[in-house]
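K.L.:
First, the structure itself, so that you have it in front of you.
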Amino acid sequence: MCMVIFAPIFAICAFATCGGYHGHLQIKVDCAARIQNNLSINIDFGYPFRLQQVHFRAPLCEAMREEVVFLNGDFSAAAQFFVTVGVLAFLYSLLATVVYVFYQNKYLKNNRGPLVDFLVTVIFSLTWLLSSCSWAKSLNDIKTATNPTEMLLLIAACREKGNRCAATQEPSWSRLNTSAVFGFVNVVLWSGNIWFVFKETGWYKTGQRYPSRTSSRKRSSEIFTESRGDFDKQVQRQASINQSQVSFSLPETYLGKTGFYERENKIVSQGPVIFVNEM
């Protein structure tokens, strides 16, 4: 099965690229009063993306004071749901691999194994779809919340005229984009595997063992027509054999008219005359 080969690999790629992510953003602040110049602000965030708990210190450009700034948004639900589905899918794939290889007979016994496998595959297909869509939406919101333009608006010194602020380093999103792609790849993989698991269940085998009435009647009529055709051919063959054989019949006899038989010019007897026609 394709799930045995590819499912564990893509599941690992999905939750590893999301769960192990760390983003870094750096902002440079130049105060107009020249009290503080070239101040760098480092902002770090990562999984599970509870941005409302991420904070940093920013200068106020007034008498060496600083403020504490928090980011906006909590995207941990979608991220943790996505990672949880990936981990569970990976563990189930490993378990299914062991069963397919070492316990094939018990897997097929009483049709319980294929039925359970079919139901679990359907559930994982749906959960992969939900978690991937939710994570893709949350990823877009995370990009918006950590956009340098939005970050500069959170800093009071950057909102004042005369001060100059710029982002010197932006987070890389390639890893999180890859995780979203792997999520939808798992959706396709698990959805396609539903058919292969269904073929192992008793539902599919029952349909193959007991065809429909229409097909049965059609097959019966075909068998009857073939049998009748064979019977007609056999009758014709027997008739031709009978015609080719030599037919024997008894001599044909019939009675003629009454006649008189003479012996030495004397009438001896009177009776019917019998003619014999030899073939």
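K.L.:
Using the per-residue mean of other Cβ atoms lying within 10 Å as a proxy for protection, in what order, highest first, do the peptides 135-142, 78-85 fall?
P.N.:
Numbers: 135-142: 18.9, 78-85: 21.6.
So the order, starting with the most tightly packed, is 78-85, 135-142.
K.L.:
Sticking with this structure for a sec: Roughly what would the spin-label model give for Tyr103 and Ser174, points 7 Å off Cα along C-beta, in nm?
P.N.:
4.3
K.L.:
Per residue, how large is the accessible surface of segment 1-144? Use a 1.4 angstrom probe and give square angstrom.
P.N.:
52
K.L.:
Could you work out how much longer the chain between Met64 and Asp141 gets when fully extended? Use 0.36 nm per residue separation minus the Cα distance between them, nm to one decimal.
P.N.:
Working: separation 77, 0.36 × 77 = 27.72 nm, distance 3.39 nm.
Full extension of this stretch gives 24.3 nm more.
K.L.:
Given the Cα-Cα distance of Asn110 and Ser76 and 0.36 nm per residue of separation, how much length would full extension add, in nm?
P.N.:
8.0 nm
K.L.:
Here's another thing I want to ask about it. I need the calculated FRET efficiency for the pair Phe184 and Ser40, taking r as the beta carbon distance and R₀ as 30 Å, to the nearest 0.05. It would help to have the intermediate numbers written out before the result.
P.N.:
Working: r = 38 Å, r/R0 = 1.26.
My answer for the efficiency is 0.20.
K.L.:
What's the extension gain from His24 to Arg57 if we count 0.36 nm per residue and subtract their Cα-Cα distance?
P.N.:
My answer for the length gained is 10.4 nm.
K.L.:
Separate question: Show the residues, 5+ positions off or on another chain, whose built amide H is closer than 5 Å to the amide H of Gln169.
P.N.:
So Gln169 has HN proximity to Gln26.
K.L.:
Can you put His22, His55 in order of accessible area, largest first, using a 1.4 Å probe?
P.N.:
Largest accessible area first, the residues go His22, His55.
The values are calculated or read from the model by the stated rules, or taken from the named source; none is laboratory data. Just so we're clear, the structure is a prediction, and the values are computed from it rather than from any experiment. Positions of Cβ are generated from backbone atoms using ideal geometry, with glycine treated the same way; all protein chains shown enter the neighbour counts. Keep in mind that these areas ignore ligands, DNA and RNA; they rest on the heavy atoms of the full protein, side chains included. Shrake-Rupley method; radii C 1.70, N 1.55, O 1.52, S 1.80 Å.
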